[in-house]
Amino acid sequence: MRRVELGVWIAVAVILVGLSIPWFLWGTATVVAGLPVWVWWHVGWMVLASAVFRLFATRAWGIGIETGETSPASRGDTR
Amino acid sequence: MSLSLQLGIVVGYLVLALLVGLVAYRLTDRTAEDFYLASRTLGTVVLLFTTFATLLSAFTFFAGPNLAYHNGPEWILVMGVMDGIIFAILWYVVGYKQWLLGRQYDYVTLGEMLGDRFGSRTLRGLVAGISLLWLFPYVMLQQVGAGTALEALTDGAVSYAAGAGLVTAFMIVYVVLAGMRGIAWTDTLQGAFMLLVTWAATLWVLAAVGGPEVATAGLEEAAAEHLALGGGLYTPQWMVSTAITIGFGVAMFPQVNQRFFVAGSKTVFKRSFTLWPILCVLLFVPAFMLGAWARGLGIEAAVGENVLPLILAEYTPLWFAAVVVAGAMAAMMSSSDSMLLSGSSYFTRDLYRPFVEADLPARREDLLARAGVVVFAVAAYLASLVNPATLFELGDAAFSGFAQLALPVMVALYWRRTTRTGILVGVVASQAFYLSSLFVDAVPASYAGWTAGIVGMLLGLVLTVGVSAVTSPAADERRAIYFDGLRAD
């Protein structure tokens, strides 16, 4: 159902924002390959975010916004 | 010899930007919509880089590394979450909806979009007025940055006034000539240049000191606490407040918000959105690590002194420092040029046309728009010569000031029951509160570690929703237009 899907994507967005700073590493000073480990976490998280955005753009784009009769997922990109 | 080389690099760079603007001018229609929005035709690379270059100002280049130098590299995370994630999500939530509405109803500014929905000229003018209040000092700060950077680079041979004036003059010429298309193209050049220069600087310094392990070991010796996540300035409240207020503020900055209208297609929107976090992390990690490492490399920077030029002077040749200053000018110009254009469009469309001359012919609007750019730029330049304290403070607080607009606008975009009274109260009260926190001693700037910016945002949200719930919509509100029949094809 569209509402459930919207809820899932909102949860995904909250998680993406919430964990871009690795709060569970608070106070950690471990260095890996010349950078603090929490910088590496952040770099990896941003790459993951990009992958999630891609998934969103291909699977759910238009959700919560477009209100045409056909569902956005089933429609081609016409412009 | 070195002075002429440095000036040559900077001026050469300015001339190149001007040439790109001239090429764009040849493709420009003489209409206000083309001038402001390049007729809504931008492709992925140009949209991505123009947004990127517009978002990142001289601040990213200078203040960001300074912050990392004094407090540690956590700034990477704060900028990453605010620009890379929060802004990207708003790009969809606010931006995509605005883009669809803009195409359907020919909106050029945020104020126009809101004024039409709520049947309110007052709201339209208010949003434009508030935006100009925060925008003008911010433009001024960019000019202050350019003047200072050129003066420092040339050891005073180019005075502060001449440096800021030179940059202002170049910007006026290509913005007036080429409008959004020229800006978007020069931004693409400038954004790519910034990325390239940052990476070159970082790799150069790392090669000279023996790699990131050595640089980080040095930092551990000099300030071990900087390697631990958090501590000092970086409290969770501060990091979250800063990321939220700046992330939301950016989306309401006129020059960024107006970019929500310019995508050529839905595909362009999707691709830019997908690539966005990667682009951000590619710039932030090297730029701010360089500042953080400088601390361990024995670079002595006083508070208020820029770290980046110092570390470059230590490890790279003179000409390269000039290239980096050109990169910083690129960052500054690519933000300011767009601000001039947006400032002018807010003024002509949302203040001049509705309140002074309602039946302005299209051709005159186009001319007025260009005149607006000149007036705005010259006024900001003159202000930058004086750099009055009040304007400085406003410019410094601009992100939080714009952030106050974000939640009332989002409520209006997604909640059909929002009323004209509700949004007016939400906008006015949050602005009044935030301005008081800056200028009235009785209103504190911090609430248990949370900034006044974020408290003001909450106030705006609660008031917009609360007042809307207890008031009825005015007869001439168009409550359905944000919801019905909204689709990309």
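The values are calculated or read from the model by the stated rules, or taken from the named source; none is laboratory data. Remember, it's a predicted structure, so these values are computed and weren't measured experimentally. No Cβ is skipped: glycine too gets one built from the backbone with ideal geometry, and neighbour counts run over all protein chains shown. Just the protein is used for accessible areas: all its heavy atoms, side chains included, with ligands, DNA and RNA removed. Shrake-Rupley method; radii C 1.70, N 1.55, O 1.52, S 1.80 Å.
A few points about this structure:
- Helices (runs of 4 or more DSSP H) completely within the stretch B:38-121 that count 3 or more residues being in contact with a Pro (Cβ under 9 Å, 6 or more places away or on another chain): B:110-118
- Residue identified as more than 18 Å from B:Phe62 (Cα to Cα) and open to solvent by 40 Å² or more (accessible area, probe 1.4 Å) among B:Leu282, B:Leu310, B:Leu275: B:Leu275
- Residue match in the stretch B:29-42 (condition: open to solvent by less than 30 Å² (accessible area, probe 1.4 Å) and β-branched (Val, Ile, Thr)): no
- Members of the stretch A:34-61 that are open to solvent by less than 30 Å² (accessible area, probe 1.4 Å) and at the interface with chain B (Cβ under 7 Å from one of its Cβ atoms): A:Gly34, A:Leu35, A:Pro36, A:Trp38, A:Val39, A:His42, A:Met46, A:Ala49, A:Ser50, A:Phe53, A:Ala57, A:Trp61
- B:Trp75 touching a residue at least 24 places away in the same chain (Cβ under 8 Å), within 14 Å of chain A (Cβ to nearest Cβ) and closer than 26 Å to A:Gly44 by Cβ: yes
- Taken as a whole, the stretch B:180-197 holds no residue that is closer than 30 Å to A:Phe24 by Cβ and touching a residue at least 60 places away in the same chain (Cβ under 8 Å).
- The number of residues in the stretch A:1-59 being aromatic (Phe, Trp, Tyr) and not in a helix (DSSP H, G or I) comes to 1.
- Residues that are of a type in the set (Val, Ile, Thr) number at least 3 in the following helices (runs of 4 or more DSSP H) confined to the stretch B:199-301: B:236-252, B:266-296.
- Within the stretch B:120-129, not a single residue is buried (at least 22 other Cβ atoms within 10 Å of the Cβ), within 14 Å of chain A (Cβ to nearest Cβ), of a type outside the set (Ser, Thr, Tyr) and within 19 Å of B:Val250 (Cβ to Cβ).
- Subset of the stretch B:140-156 (residues that are open to solvent by less than 30 Å² (accessible area, probe 1.4 Å) and in contact with a Gly (Cβ under 7 Å, 6 or more places away or on another chain)): B:Met140, B:Ala146, B:Gly147, B:Leu150
- So B:Glu74, is it farther than 26 Å from A:Gly34 by Cβ and acidic (Asp, Glu): no
- Some residue of the stretch B:443-455 being within 14 Å of chain A (Cβ to nearest Cβ), in contact with a Phe, Trp or Tyr (Cβ under 9 Å, 6 or more places away or on another chain) and within 25 Å of B:Leu135 (Cα to Cα): no
- B:Phe261, sole failed condition from (1) at pLDDT 85 or above; (2) under 23 Å from the mean Cα position of the chain (by Cα); (3) open to solvent by 10 Å² or more (accessible area, probe 1.4 Å); (4) away from chain A (no Cβ under 14 Å): (3)
- Number of residues in the stretch B:199-254 that are within 27 Å of the chain's Cα centre (by Cα), of a type in the set (A, V, I, L, M) and either within 12 Å of chain A (Cβ to nearest Cβ) or surrounded by 15 or more Cβ atoms within 10 Å (Cβ to Cβ) (or both) equals 10.
- Qualifying residue in the stretch A:15-33 (condition: small (Gly, Ala, Ser), on the phi < 0 side of the Ramachandran plot, more than 8 Å from chain B (Cβ to nearest Cβ) and open to solvent by less than 60 Å² (accessible area, probe 1.4 Å)): yes
- Selected residue (only one of B:Val139, B:Val144, B:Val127 is part of a helix (DSSP H, G or I) and at pLDDT 95 or above): B:Val127
- Residues of the stretch B:43-58 that are surrounded by fewer than 24 Cβ atoms within 10 Å (Cβ to Cβ) and either free of Cβ contacts under 8 Å to residues at least 60 places away in the same chain or touching a Lys or Arg at 6+ places or on another chain (Cβ under 6 Å) (or both): B:Thr44 alone.
- Evaluation of B:Ala63 against (1) touching a residue at least 24 places away in the same chain (Cβ under 8 Å); (2) more than 28 Å from B:Glu365 (Cβ to Cβ) (one fails), failing number: (1)
- From the options B:Gly304, B:Gly296, B:Gly291, residue that is surrounded by fewer than 24 Cβ atoms within 10 Å (Cβ to Cβ), of a type outside the set (Ser, Thr, Tyr) and either in contact with a Lys or Arg (Cβ under 6 Å, 6 or more places away or on another chain) or within 14 Å of another protein chain (Cβ to nearest Cβ) (or both): B:Gly296
- Test: A:Val8 is more than 7 Å from chain B (Cβ to nearest Cβ), open to solvent by 40 Å² or more (accessible area, probe 1.4 Å) and modelled with pLDDT under 95: no
One line per residue, one yes/no per condition, for (1) under 30 Å from B:Val465 (Cβ atoms); (2) of a type in the set (Val, Ile, Thr):
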| site | (1), (2) |
| --- | --- |
| B:Val324 | no, yes |
| B:Ser342 | yes, no |
| B:Gly372 | no, no |
| B:Ala379 | no, no |
| B:Val386 | no, yes |
| B:Thr390 | no, yes |
| B:Ala397 | yes, no |
| B:Val409 | yes, yes |
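- Within the stretch B:1-28, considering residues that are part of a loop (DSSP other than H, G, I, E, B) and hydrophobic (A, V, I, L, M, F, W, C), the one most open to solvent (accessible area, probe 1.4 Å): B:Met1
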